[in-house]
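The values are calculated or read from the model by the stated rules, or taken from the named source; none is laboratory data. All values reported here derive from a predicted model rather than from experimental measurement. As a convention, Cβ positions derive from the backbone with ideal geometry for all residues, glycine included, and neighbour counts pool all protein chains shown. Remember, those area values only see protein heavy atoms, side chains included, never the ligands or the DNA or RNA. Shrake-Rupley method; radii C 1.70, N 1.55, O 1.52, S 1.80 Å.
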Amino acid sequence: MDSMLQVFIICLFLGAVVGFFAGLLGIGGGLIIVPALLYILPSVGISVTQLTHVAIATSLASIILTSMSSATAHHKRGNVPWQLFKPIMPGIVVGSLASAFVSEQISSANLQQTFAIFVVLMAIQMAFPLKVKTGDEMPKFMVLFTVSVLIALIAGLMGIGGGVLLVPFLCYCGLQMRQAVGFSSVTGMFIAISGTIGYVIAGFDAPNLPPGAFGFIYLPALGGIIISSILCAPLGVKAASTWPTPVLRKIFACLLVVVGLKLLLS
């Protein structure tokens, strides 16, 4: 079987898992997609020097449609405080665009180790959620801008939407949880779009990328993930009403720790 077609089919299964668990546990797909792609993509000739960049970039691109759908749903429910758009969105765009060019300066091995540490930390947060004390007032413009740049930069470097970082910050600043999650869904869409553009530009002249690569985005993998994740996310949402999600969340967190440690030691 042609290796590109094989990766596409494997990523159909990967997207199904990502979509289901995203609906079931409310997690971002990047924590699953990136480790999986690190094992899948070498089969199509992606070198170890570019492997982590391609995995993270492809993960980020896959978030665009899912975050767009989530943002639309939250907007219809009135959960998006649009007054925060002006102070936060410029920093989100700057940080996510910059992430691609920053990652280009980091070796694939070091980027993989950084991602592995991040996965372990997020797994601990998933198993034992940090309770954030709600603040009284929103910080000044420059504080919001600076924090949003940092959050988007980290999210772009790790191939995630950034909600796991932005939601606690917004709650600390005084937003209700539903508003923080709603606004985070909007910023996740902008992080995914801006970061994807950055990774396409940064990887456009990268040497030795295989056919099917668009910058650092590997299109056959992206297509497979998007198709099945969109179809399977509603199944996860439906299962969440009957399955023991708190227990499953802790089990999933343990699996993420194992994945993170394996990546760290490999």
Order these peptides, 106-115, 81-90, by their mean beta-carbon neighbour count within 10 angstrom, highest first.
106-115, 81-90
What is the spin-label model distance, in nm, from Val48 to Gln176 if the labels are put 7 Å beyond Cα along the C-beta direction?
5.2 nm
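Please report the carbon-and-sulfur percent of the accessible area for segment 1-139; probe 1.4 Å, protein heavy atoms only, DNA, RNA and ligands left out.
That share works out to 67 percent.
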At 7 Å along Cα-to-Cβ for each site, give me the label-to-label distance between Ile230 and Leu121 in nm.
3.3 nm
Report the residues of segment 156-184 in range of a label on Val143: point 7 Å along Cα→C-beta, backbone N strictly under 18 Å from it.
166-176, 180
Separation of the Leu219 and Thr242 label points, Cα + 7 Å toward Cβ, nm
4.1 nm
Go ahead and collect, in residue order, the members of segment 158-186 whose backbone nitrogen is under 12 Å from a label point 7 Å along the Cα-Cβ direction of Gln83.
175
Set the Förster radius R0 to 30 Å, insert the Cβ-Cβ distance between Ser266 and Asp2 as r into 1/(1 + (r/R0)^6), and round the FRET efficiency to 0.05.
0.65
In the chain, lysine pairs closer than 21 Å at Cα, eight or more apart or cross-chain
6
The chain: spread of alpha-carbon positions along the three principal axes, whole Å, largest first, is 57, 43, 35
Across segment 240-252, in residue order, what do the Karplus-derived ³J(HN,Hα) couplings come to in whole Hz, using 6.51 cos²θ - 1.76 cosθ + 1.60 with θ = phi - 60° and x for Gly and Pro?
4, 7, 10, 7, x, 4, x, 5, 5, 4, 5, 5, 5
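If you take the beta carbon distance between Phe204 and Asn110 as r and set R0 to 30 Å, what does 1/(1 + (r/R0)^6) give as a FRET efficiency, to the nearest 0.05?
Efficiency, from the Cβ-Cβ distance: 0.85.
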Hey, can you rank 74-80, 59-65, 243-249 by average C-beta count inside 10 Å, highest first?
59-65, 74-80, 243-249
Students sometimes get this wrong: rank Val93, Val18 by accessible area, probe 1.4 Å, all chains present, largest first.
Val93, Val18
Placed amide H near Phe214: partners under 5 Å, 5+ positions off or other chain
Leu219
Structure-based [θ]222 nm, the chain - -39500 (n - 2.57) summed over DSSP H runs of at least 4, per residue, nearest 500:
-25500 deg cm²/dmol
Please list 3J(HN,Hα) in residue order for segment 202-208, calculated via the Karplus relation 6.51 cos²θ - 1.76 cosθ + 1.60 where θ = phi - 60°; whole Hz, with x for glycine and proline.
5, x, 4, 9, 5, x, 6
Short version: ³J(HN,Hα) in whole Hz for each residue of segment 260-266, in order, from phi by Karplus 6.51 cos²θ - 1.76 cosθ + 1.60 (θ = phi - 60°), x for Gly and Pro, what are they?
x, 5, 5, 5, 5, 8, 7
